[in-house]
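J.: Have a look at the structure that comes next, please.
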Amino acid sequence: MELVSRQDPHLREVVWFAVCCRALTLLLQARRLLDFHLLFFFQALFNLLIPDHAADAFYPPRLSEPGLWDLLLERLLGGLSHWDAEHFLFIAERGYLYEHNCAFFPLYPLSVRAVAEGALWPLQRLLRLRSRLLLSAVLLNSLFSVLAAAALYKLGCVVLQCRRVAFLAAVLFSLSPANVFMAAAYSESMFAFLAFSAMWQLEQGQSWLSGLLFSLASGVRANGLINAGFFLYSRGKCFALQLQVGSGSVRKLPPLWKQFLSVASSAVLMCAGIFLPFVLFQYYAYVRFCGPGTGLEQAVPKPLLQLALQKGYRLAGMNGAKPPWCSQRFPVVYSYIQDAYWNVGFLRYFELRQIPNFLLALPVTLLGSWAAWTYITANPRHCVTLGLERRKSEEEGKPRAGFCCPAVFVYVVHATVLLAFGFFCMHVQVLTRFLGSSSPILYWFSAHLLQEYEPLLRSEGTDNQTAAPRSERSLLGKSPGSCGKGTSENPVVRLLMNCRLITALSKCVLGFFLSYWLLGLILHCNFLPWT
């Protein structure tokens, strides 16, 4: 990483800014420690003005008495262990004890446990296991979020062919509206790193490494299965373009049936690898909850048994009636939990009382829809032909650069599918983190809007275009080409430093990122509902 950062100052700035944002996040969420730093004052004030909400969420009892260092760590990082983080930490500590824990995939809690038992093993005399798990989760997510920002930058450079927009998008990722979920004990950071890295490797032609990373991503979150579409599209596009080569190149290609067989076999193998973690996890859940009773309840601590009775949680290894999903033709515990425990399904969230949650999801919904519309109107023929038609610009080796370039098509389709599915079939308020950790489009399009419509960032044209005023250029430094190397100075910081000069559109984009970045910390860390 050091060698790469010396060669690419943009990457160095991306990594440095990501580290700073992650450190600031941890400082702002630390609880009631006024004597350490002025920043703690704000979080203490938030906790005084907004006390912890008594949420009806999964909150298993603590079975061991906390020590002094446990209490200190809870004060520092306790705000990052709320809501779904309780599930991940519980799974990392006790495995899949309750049926509804199976909605959370195993790779992230396994990684958290491995670090807690490995790298943090010397702290076992100071911290109980749960405290080490929380510390492990925070450290891992800090690392993964920084690596995800770097992977997004590399991916943007390859796909957009525009280093400037890729740089701006990667910087915006560190200010993601889903920031609190990138820091808390959630799987978003790990998934974003694996997904963006897999996309980057696929664009580089590293199919097998990309398949491995996509497979790992599907072991982190269920929507990782959709990533199989990237590989299917990549193989299908290569095959379609080979059919359109000139007559002079036909002799150099293998017969059509061999080409098709090669594409089909590689697609089947890669998709099988991507789906394998999901299938294995469903089989594990079937054996654990649908197999013969093992009397496991005798080994379960009484407080956890009592919690199961109070809340109606189904325990693993219990005798008696089996869960209804066990008798299905394809026993998939994940879809059953989403349906039975959280009422997830088509249009089920369309209720008057959910209007506040739809308002929470409105900014990301508008941004995602606007991104799709912008791309379609800029490339209507490319969208109609699904990008499978060989373009003249590609034959000349001069593809269009930026957000509207042909290579972005599959990413726009991916983001639009996620957006539509999330809006109509999921708890709509999770759309922000759902898209923010799964698709680069949210960041690419936001960077595109800032780069294209913000005079303080607009490039000097090469064909006698109107340049930015000299006074503005002196404020911002050298004005880079829109898709050139440009300056490695942080564009977001420069915009914030000149916030009075920026356009209303830039204020809206940055306002969305920064307000959700901060509000997420305030509300989530106090156990209040958030996205």
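J.: Consider only pairs whose beta carbons are under 7 Å apart and that are at least six residues apart or on different chains; among these, list those whose first residue lies in the range 342-366 and is farther than 26 Å from Tyr443 by Cβ and whose second residue is open to solvent by 80 Å² or more (accessible area, probe 1.4 Å) and of a type in the set (Asp, Glu).
T.: Partner pairs satisfying both residue conditions: none exist.
J.: Mind counting the residues in the range 136-187 that are of a type in the set (A, V, I, L, M, F, W, C), buried (at least 24 other Cβ atoms within 10 Å of the Cβ) and not in a helix (DSSP H, G or I)?
T.: Summing the residues that are of a type in the set (A, V, I, L, M, F, W, C), buried (at least 24 other Cβ atoms within 10 Å of the Cβ) and not in a helix (DSSP H, G or I) in the range 136-187 gives 4.
J.: I would also like to ask the following. Tell me yes or no: at least one residue of the range 253-266 is within 29 Å of the chain's Cα centre (by Cα), modelled with pLDDT under 90, closer than 21 Å to Leu232 by Cβ and surrounded by 13 or more Cβ atoms within 10 Å (Cβ to Cβ).
T.: The answer is yes; a qualifying residue exists.
J.: Still on this structure, I have one more. For Ala272, state whether it is surrounded by fewer than 18 Cβ atoms within 10 Å (Cβ to Cβ), assigned to a helix (DSSP H, G or I) and within 31 Å of the chain's Cα centre (by Cα).
T.: Judged against the criteria, Ala272 is a match.
J.: Hey, can you tell me all the residues within the range 335-373 that are assigned to a loop (DSSP other than H, G, I, E, B) and aromatic (Phe, Trp, Tyr)?
T.: Matches in the range 335-373: Tyr341, Trp342, Phe346, Tyr349, Phe350.
J.: Cβ-Cβ distance below 7 Å, separation of 6 or more or different chains: which pairs start in the range 57-68 with a residue that is under 10 Å from His87 (Cβ atoms) and part of a loop (DSSP other than H, G, I, E, B) and end on one that is of a type in the set (Phe, Trp, Tyr) and modelled with pLDDT of 90 or more?
T.: Here the result reads Ala57/Trp83; Pro60/Phe90, each pair linking the range 57-68 to a residue that is of a type in the set (Phe, Trp, Tyr) and modelled with pLDDT of 90 or more.
J.: Of all residues in the range 400-418, count the ones that are open to solvent by less than 40 Å² (accessible area, probe 1.4 Å), part of a helix (DSSP H, G or I) and of a type outside the set (Ser, Thr, Tyr).
T.: Residues flagged as open to solvent by less than 40 Å² (accessible area, probe 1.4 Å), part of a helix (DSSP H, G or I) and of a type outside the set (Ser, Thr, Tyr) within the range 400-418 amount to 9.
J.: Residues that are surrounded by fewer than 19 Cβ atoms within 10 Å (Cβ to Cβ), touching a Ser or Thr at 6+ places or on another chain (Cβ under 9 Å), modelled with pLDDT of 55 or more and more than 23 Å from Trp370 (Cα to Cα): does the range 454-471 have at least one?
T.: no
J.: Among residues belonging to the range 72-128 that are among the small types (Gly, Ala, Ser) and outside any helix (DSSP H, G or I), point out the one that is most open to solvent (accessible area, probe 1.4 Å).
T.: Going through the qualifying residues, I end up with Ala119.
J.: For the range 306-341, what are the residues that are in contact (Cβ under 8 Å) with a residue 24 or more places away in the chain, out of contact with any helix residue (DSSP H, G or I) (no Cβ under 9 Å at 6 or more places or on another chain) and under 18 Å from Arg288 (Cβ atoms)?
T.: Selection gives Gly320 alone.
J.: If we keep just the residues of the range 473-493 that are of a type in the set (A, V, I, L, M, F, W, C) and open to solvent by less than 30 Å² (accessible area, probe 1.4 Å), which is modelled with the lowest pLDDT?
T.: Leu476
J.: Whether any residue in the range 362-371 is surrounded by fewer than 21 Cβ atoms within 10 Å (Cβ to Cβ) and under 18 Å from the mean Cα position of the chain (by Cα) is what I want to check.
T.: yes
J.: How many of the residues making up the range 494-519 are open to solvent by 20 Å² or more (accessible area, probe 1.4 Å), in contact with a Phe, Trp or Tyr (Cβ under 8 Å, 6 or more places away or on another chain) and in contact (Cβ under 8 Å) with a residue 40 or more places away in the chain?
T.: Residues that pass the stated criteria total 2.
J.: On to the next question. So Phe214 clears everything in (1) open to solvent by 10 Å² or more (accessible area, probe 1.4 Å); (2) part of a helix (DSSP H, G or I) except one condition, right? Which one?
T.: Status for Phe214: all satisfied but (1).
J.: Could you list, in sequence order, the residues of the range 7-29 that are open to solvent by less than 20 Å² (accessible area, probe 1.4 Å) and among the polar types (S, T, N, Q)?
T.: If the condition is that a residue be open to solvent by less than 20 Å² (accessible area, probe 1.4 Å) and among the polar types (S, T, N, Q), then Thr25, Gln29 are the ones that fit.
J.: What residue, of Leu68, Leu133, is surrounded by fewer than 18 Cβ atoms within 10 Å (Cβ to Cβ), aliphatic (A, V, I, L, M) and farther than 30 Å from Leu202 by Cα?
T.: Of Leu68, Leu133, the one residue that is surrounded by fewer than 18 Cβ atoms within 10 Å (Cβ to Cβ), aliphatic (A, V, I, L, M) and farther than 30 Å from Leu202 by Cα is Leu68.
J.: Also, I was wondering about something else. I'm told Gly205 meets every condition in (1) in a loop (DSSP other than H, G, I, E, B); (2) surrounded by 24 or more Cβ atoms within 10 Å (Cβ to Cβ) except one. Can you identify the failing condition by its number?
T.: The single condition Gly205 does not satisfy is (2).
The values are calculated or read from the model by the stated rules, or taken from the named source; none is laboratory data. This one's a predicted model, so the numbers in the text were calculated from it and none came from an experiment. Here the Cβ is made from the backbone with ideal geometry for all residues, glycine too, and neighbour counts use every protein chain on show. What goes into the accessible areas is simple: the full protein's heavy atoms, side chains included, and nothing from ligands, DNA or RNA. Shrake-Rupley method; radii C 1.70, N 1.55, O 1.52, S 1.80 Å.
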